[in-house]
Amino acid sequence: MTDLTVDIRDLLFNVNDVDDPTPRQLPTIFQDIVGQLNAQELSYAVLGHIALARYERARYVKDIEIVVGLNANDYRLAAVLAEETRQRFALYMDRHSRANAITLSLRSCLSPVEEGLLTEAFICTWLGIAVRLASPEHLLWFWCHSSTLEHHVDAAALIRGDTVDLQRVQSLLREADNFEETGQERLRSAIGEAVLTSEFSFSRYMEERRARLKPDRVPVWRLRNQAEKDG
C-alpha cells in the first residue's frame, strides 16, 4: 500500500484504544470489495470520506460507500459481493460487537445525474488498489443534496482543496431541477465556509476587500461616466 499517505495512516487507529486492530483493517476490506467489483467489470464509484481523502486533507475514515449502476442484475451481483466481504471480515464489521466497526454501504444510482457519476469516475490507485472514485464535482453535487452537518463540513473541505470545478457543480445542480434552489443555497454556504476556514483564502479575500476600500480608489462606474462625458 505504497500510495497511503502519512495522513491516512495516522487516521487508521482508535484514539481511545491504540491496540484496537479494526481501523487498520480498512484498506484490506476496501481492497476486497473493490477487487471483486473490478473482477466482475461492474460500473461503480466510491463516495464518502475515502474519496474525499484522495482530493483533500485526510479525515477519519471508517465507512466505505459505493454506488453502482441502475442495471438491476449488476446491483444484485454487487450486493452479493458486498455481503461476502461483510462475512469474511465480520470480526471488524459487526456493529453489535464493535462500537467502531467498519461499515460497507452499497446502493444503486437514484437519478440520471448520478449515472453520470459513474461515467465520469476518476480511475486511480488508492488504498493499494485500482479504483473508481467519484469525481470532486459529483461528490460536491451529492453533498449539496444533503442537509446533514457532516456533509456540509465535507463539502467545505472539498472546496478548500481547490480541486473542484464549481461551475461544473452548478451545471449538475441545474440538471436536477427538483433540488436546484436548495442545492445552490447549500453550495453557496459551503463556499462561504471554505473561504472563512481557510487561512490562505481568507487572507486573500481580506486583501482584495481592503483594496476595494482604499480611499483613493475610484469606482469603475464613475470612470465610465467620466469617459462618456469627455467623449
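The values are calculated or read from the model by the stated rules, or taken from the named source; none is laboratory data. Here the structure is a predicted model, which means the values were calculated and not measured. Please note: Cβ atoms are built from the backbone with ideal geometry, for glycine as well, and neighbour counts cover all protein chains shown.
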Handout entry: Single match in A99, A53 (criterion: closer than 23 Å to Q25 by Cβ, hydrophobic (A, V, I, L, M, F, W, C) and either in contact (Cβ under 8 Å) with a residue 12 or more places away in the chain or buried (at least 18 other Cβ atoms within 10 Å of the Cβ) (or both))
Key = A53
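Which one of these is surrounded by fewer than 14 Cβ atoms within 10 Å (Cβ to Cβ), assigned to a helix (DSSP H, G or I) and not assigned by TED's automatic domain parsing to the domain that holds D32: E84, E150? Can you show your working first?
Details: E84 fails: not assigned by TED's automatic domain parsing to the domain that holds D32.
None of the other options fit; the residue is E150.
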Practice task
Identify the single condition in (1) at positive phi; (2) modelled with pLDDT of 95 or more that L37 does not satisfy, given that it satisfies every other one.
Solution key: (1)
Practice task
Please determine, by comparing only the residues of region 87-116 that are hydroxyl-bearing (S, T, Y) and part of a strand (DSSP E or B), which one is farthest from L42 (Cα to Cα).
Solution key: T103
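Would you be able to say whether some residue in region 169-185 is within 21 Å of I50 (Cα to Cα) and either free of Cβ contacts under 8 Å to residues at least 60 places away in the same chain or exposed (fewer than 14 other Cβ atoms within 10 Å of the Cβ) (or both)?
Looking only at region 169-185, we keep the residues that are within 21 Å of I50 (Cα to Cα), and these are 169.
Subset that is either free of Cβ contacts under 8 Å to residues at least 60 places away in the same chain or exposed (fewer than 14 other Cβ atoms within 10 Å of the Cβ) (or both): 169.
Yes; the residues of region 169-185 include at least one that is within 21 Å of I50 (Cα to Cα) and either free of Cβ contacts under 8 Å to residues at least 60 places away in the same chain or exposed (fewer than 14 other Cβ atoms within 10 Å of the Cβ) (or both).
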Exercise for the section: Might you check whether a residue that is touching a residue at least 60 places away in the same chain (Cβ under 8 Å), out of contact with any strand residue (DSSP E or B) (no Cβ under 9 Å at 6 or more places or on another chain) and surrounded by 14 or more Cβ atoms within 10 Å (Cβ to Cβ) occurs anywhere in region 105-114? Expected result: yes
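Considering each residue of region 117-133, count those that are in a helix (DSSP H, G or I) and touching a helix residue (DSSP H, G or I) at 6+ places or on another chain (Cβ under 8 Å), and give that number. It would help to see each step written out before you state the result.
Of region 117-133, the ones in a helix (DSSP H, G or I) are 117-119.
Next, only the ones that are touching a helix residue (DSSP H, G or I) at 6+ places or on another chain (Cβ under 8 Å) stay: 117.
So the count comes out to 1.
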